[in-house]
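Participant: Attaching a single structure in structure tokens format; questions to follow.
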Amino acid sequence: MPANRHNGFTDLGIGVGLRVPHYSHILGRKPAVDWFEIISENFMIDAGRPLRTLDLILEQYAVVQHGVSMYLGSPRLNRDHLKRLKQLVRRTKTPFVSDHLCWGSVDGSYSHDLLPLPYTFAAARHVAARVREARDILEVPVIVENVSSYAEFHASEMSEWEFLAEVVERADCGMLLDVNNIYVSSRNHNFDPFDYLNGVPLERVGQVHIAGHTKFERYILDTHDHPVLPTVWRLYAHVVSRIGPVNTLLEWDARIPPFEEVHREALKARRFLRDLETQRSENRKSAQTVTA
Amino acid sequence: MFSAVSRPLTPAQRMNPRWGNGRRTADVAASFIKPNDRLTSFDRLEIYNRQYWFRLLDCLYDDFPGLRAVIGEKKFTAMSETYLTRYPSSSFTLRNLGSRLEKFLREEPRWARPRTALALDMVRFEWAKIIAFDGGARPIVTIDDLLGRDPSRLRLKLQPYVTPLELGYPLDDFSIALRQRDDDGPQAGNAASTGRASKSGRTVRLPRPERVYLAVHRLENVVYYKRLDASAYAVLCALRGGATLAKASERANDAESLRRWFEMWMKLGWFCR
Ligand SMILES: [Fe+2]
């Protein structure tokens, strides 16, 4: 199940988001990391050191592009943005591209934030058409990521997971399921995160994000500055138990600790994959016993 | 929602309770955002309003450490708010957030006062650093490309990442003294911010007036500031302005210096097709 048409039939393993403070460690020590995810926008430039660093990383590692400003829910896609994104796709040979189920720009002004959409059928149709458009231009699969949100709209006609399902079915695309974002939103909007997981077409998961967050008194903020919390690991384990091992990536964006610490945190995901393996072999054994 | 998210915060960094034309922001928020058991519609909208400003202010803060030092931290923040309100980001990348800051300071010199000249020099210098960091590079013109060409018709283009500057202050030295943390360039992220992390704040004495000519450029992906002779600067500016090689060369004092400069500029790969 994990390698599918939505993620370019990749089975990448457990990766880490590539961040500037880790460049020298990675290039100097060449740690054994399954793959790196880059923020596309940091490399959608004409020249200079970031691209040179990226080329060195590309010589040794698999790299997947993750974007933060395609704004699939905004009125229209920015053609210049897509052109630059495609140049980068050619450079990295990313098997797929991900971006968020959100909007963030209007009339040429950019918020640089991942703003939530009203969960309406009209919005789902709009986003799905943009996903198809981006995929046609980029010529690689485009998968959409659920965002953390802090507001819900009166205009919404369905739950977030119904909306995500509606979008990906209409666009016939995959999902980058961020289980931390699901947890953050579940606390901010009082829903059961397992309802979310059971309500989306998990066979369309191309990748999973795990991350840490910050709890405030009245809400949770998606800060990516902590280790992954046990409740988020439970959601991850649930996804893996349903679909098997999947491209997994840890995001750590602020108060970034040394590389080894971040990598160690990501590799905790292996425990759940091992549990899954044990569970599966036990199931096989008991099935054999029953047949015998 | 965009206009709500991008409205300036109050001095206490909260969402402005007044919307304008007699309306309350709380009513506007309630008209499209649901409350929950812990947060009102206003509270929920405010999270986005604050995130917007924290993110953008942080970006300008990191991109213009010199300007911050010149006009002062508090004034810099207030200026940034006014600037971003007049010129919201029009690019998908935060890298371009400060692209109109010089224009803004010329339109609104009150933000640069009393060190107006220094502030304007600084904003040009810091924008040139951003250009030098990741600006485009075109195929280099080699000596072979120039052989047999007529200087009275030859026009040389300067690499897009090279910016010649005439400054009233030695901002290269000042900038080197200021630089502690920001040699990694602008970065986009996708996480929320809880506000600015405290940065080490060693004070550096502001520079005294001194006429300097510089080219802000990069070599092997490192940004450098190269001091220029006044007439070397004039030659470069003439070339950049589209003058022929012969015409631009008239700005040099003597043929020997001109020959030395060109040898160096060619070696640095500053001319492109
Ligand atoms: Fe994520």
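Participant: Using r as the Cβ-Cβ distance of residue A:59 and residue A:154, and R0 as 56 Å, what FRET efficiency do you calculate, to the nearest 0.05?
Facilitator: 0.60
Participant: Let me ask you something else. Tell me which lysines have Cα within less than 24 Å of residue A:30's Cα, excluding those fewer than 8 residues away on the same chain?
Facilitator: Leaving aside lysines fewer than 8 places away in the same chain, those within reach of residue A:30 are A:93, A:268.
Participant: Beyond 26 Å between alpha-carbons counts as too far, so tell me which of B:157/B:247; B:103/B:247; B:226/B:247 fall in that bin.
Facilitator: From B:157/B:247; B:103/B:247; B:226/B:247, over 26 Å: B:103/B:247.
Participant: In peptide A:38-47, what is the residue-averaged number of other protein chain Cβ atoms found within 10 Å of each Cβ?
Facilitator: 6
Participant: Given the Cα atoms of segment A:144-292, and with Rh set as the inverse mean 1/r over their pairs in the Kirkwood sense, what is Rg to Rh to two decimals?
Facilitator: 1.02
Participant: Can you compute the helix-only [θ] at 222 nm over chain A? Use -39500 (n - 2.57) per DSSP H run of at least 4 residues, normalise by all residues, nearest 500 deg cm²/dmol.
Facilitator: The helix contribution divided over chain A gives -13500 deg cm²/dmol.
Participant: Also, I was wondering about something else. To the nearest whole percent, what portion of all C-alpha pairs in segment A:5-291 is separated by more than 27 angstrom?
Facilitator: In whole percent, the long-distance tail amounts to 39.
Participant: I would also like to ask the following. Net charge near residue B:117, counting Lys/Arg +1 and Asp/Glu -1 over other residues with Cβ under 14 Å of its Cβ?
Facilitator: +2
Participant: What is the pair-distance distribution P(r) of segment A:42-156, computed from all Cα-Cα distances in 10 Å bins starting at 0, with each bin given as a whole percent?
Facilitator: Histogramming segment A:42-156 at 10 Å steps yields 13, 43, 30, 12, 2 percent.
Participant: Could you go through segment B:68-76 in sequence order and give the Karplus-derived ³J(HN,Hα) for each residue, using 6.51 cos²θ - 1.76 cosθ + 1.60 with θ = phi - 60°, rounded to whole Hz, and x for Gly and Pro?
Facilitator: 4, 5, 6, 9, x, 4, 5, 5, 4
Participant: Moving on. Have a look at A:238, A:114, A:182 and report the one farthest towards the positive end of the charge dipole of chain A, computed about the Cα centre with Cβ charges (Lys/Arg +1, Asp/Glu -1).
Facilitator: The Cα lying farthest towards the positive end belongs to A:238.
Participant: D for segment B:1-159, whole µm²/s, Stokes-Einstein with Kirkwood Rh over alpha-carbon pairs at 4 °C and 1.567 mPa s: what number?
Facilitator: 69 µm²/s
Participant: Enumerate the lysines that residue B:34 could reach by cross-link, defined here as Cα to Cα under 28 Å, with residues fewer than 8 away along the same chain left out.
Facilitator: A:215
Participant: Which of the listed residues, B:160, B:79, B:216, is farthest toward the dipole's positive end in chain B, when Lys, Arg count +1 and Asp, Glu count -1 at the beta-carbon?
Facilitator: It is B:79, whose Cα lies furthest towards the positive end.
Participant: Classify chain B: rounded, prolate or oblate, from the alpha-carbon gyration tensor (a ≥ b ≥ c, eigenvalue square roots; a/c under 1.5 rounded; otherwise prolate if a/b is larger than b/c)?
Facilitator: In terms of gyration-tensor shape, prolate.
Participant: Between residue A:25 and residue B:240, what is the FRET efficiency for a Förster distance of 30 Å, r being their Cβ-Cβ separation, to the nearest 0.05?
Facilitator: 0.15
Participant: Over chain A, what is the relative contact order in percent, taking alpha-carbon pairs closer than 8 angstrom and at least six residues apart?
Facilitator: Relative contact order comes out at 19 percent.
Participant: Further question: For the protein assembly as shown, what is the charge dipole size about the Cα centre, in debye to the nearest 20, if Lys and Arg each add +1 at the Cβ and Asp and Glu each add -1 at the Cβ?
Facilitator: That gives the protein assembly as shown a dipole magnitude of about 1300 debye.
Participant: Another question, then. Work through the residues other than residue A:39 whose Cβ is under 13 Å from its Cβ and net out their charges, Lys, Arg +1 and Asp, Glu -1.
Facilitator: Its environment carries a net charge of -4.
Participant: Charges only on Cβ, +1 for Lys and Arg, -1 for Asp and Glu: so what's the dipole of segment A:89-225 about the Cα centre, in debye to the nearest 20?
Facilitator: 420 debye
Participant: Going 7 Å from the Cα of residue B:206 along its beta-carbon direction, which residues of segment B:157-173 have the amide nitrogen within less than 17 Å of the resulting point?
Facilitator: What the label zone holds, given the 17 Å backbone N cut-off, is B:168-173.
Participant: Please compute, for the alpha-carbon atoms of the protein assembly as shown, the extent along each of the three principal axes and give them in descending order in Å.
Facilitator: Largest first, the protein assembly as shown extends 98, 64, 43 Å along its Cα principal axes.
Participant: Dipole size in debye (nearest 20) for segment A:5-291 around its Cα centre, Lys and Arg Cβ +1, Asp and Glu Cβ -1?
Facilitator: 820 debye
Participant: Counting other C-beta atoms within 10 Å, which of A:158, B:1, B:122 has the fewest, and how do the rest follow?
Facilitator: Going from sparsest to densest Cβ surroundings: A:158, B:1, B:122.
Participant: What does the average come to when, for each residue of peptide A:107-119, you count the partner chain Cβ atoms lying within 10 Å of its Cβ?
Facilitator: 6
Participant: Mean projection of the alpha-carbon convex hull of segment A:90-158 over all orientations, in nm²?
Facilitator: Its Cα hull, projected and averaged over all orientations, spans 5.8 nm².
Participant: Given the DSSP H assignment, sum -39500 (n - 2.57) over each helix run of at least 4 residues in chain B and divide by its residue total; what's the result at 222 nm in deg cm²/dmol, nearest 500?
Facilitator: -13500 deg cm²/dmol
Participant: To continue, here is another question. Kirkwood hydrodynamic radius for segment A:85-224: how many Å is it when counted over pairs of different Cα atoms?
Facilitator: So the Kirkwood estimate lands at 15.7 Å.
Participant: Sticking with this one: State, in angstrom, two size descriptors of segment A:191-260 derived from its alpha carbons: Rg to one decimal place and Dmax to the nearest whole number.
Facilitator: 13.3, 37
Participant: Across every pair of different alpha-carbon atoms, what Kirkwood hydrodynamic radius in Å does segment B:43-122 reach?
Facilitator: Computed over segment B:43-122, the radius equals 13.0 Å.
Participant: Calculate the FRET efficiency for residue B:138 and residue A:93 from the Cβ-Cβ distance with a Förster distance of 41 Å, rounded to the nearest 0.05.
Facilitator: Efficiency, rounded to the nearest 0.05: 0.95.
Rule-based calculations on the coordinates, nothing more; no lab input. Predicted, not measured: the structure shown is a model, and the values here were computed from it. Glycine gets a Cβ as well: all are built from the backbone with ideal geometry, and neighbour counts include every protein chain shown.
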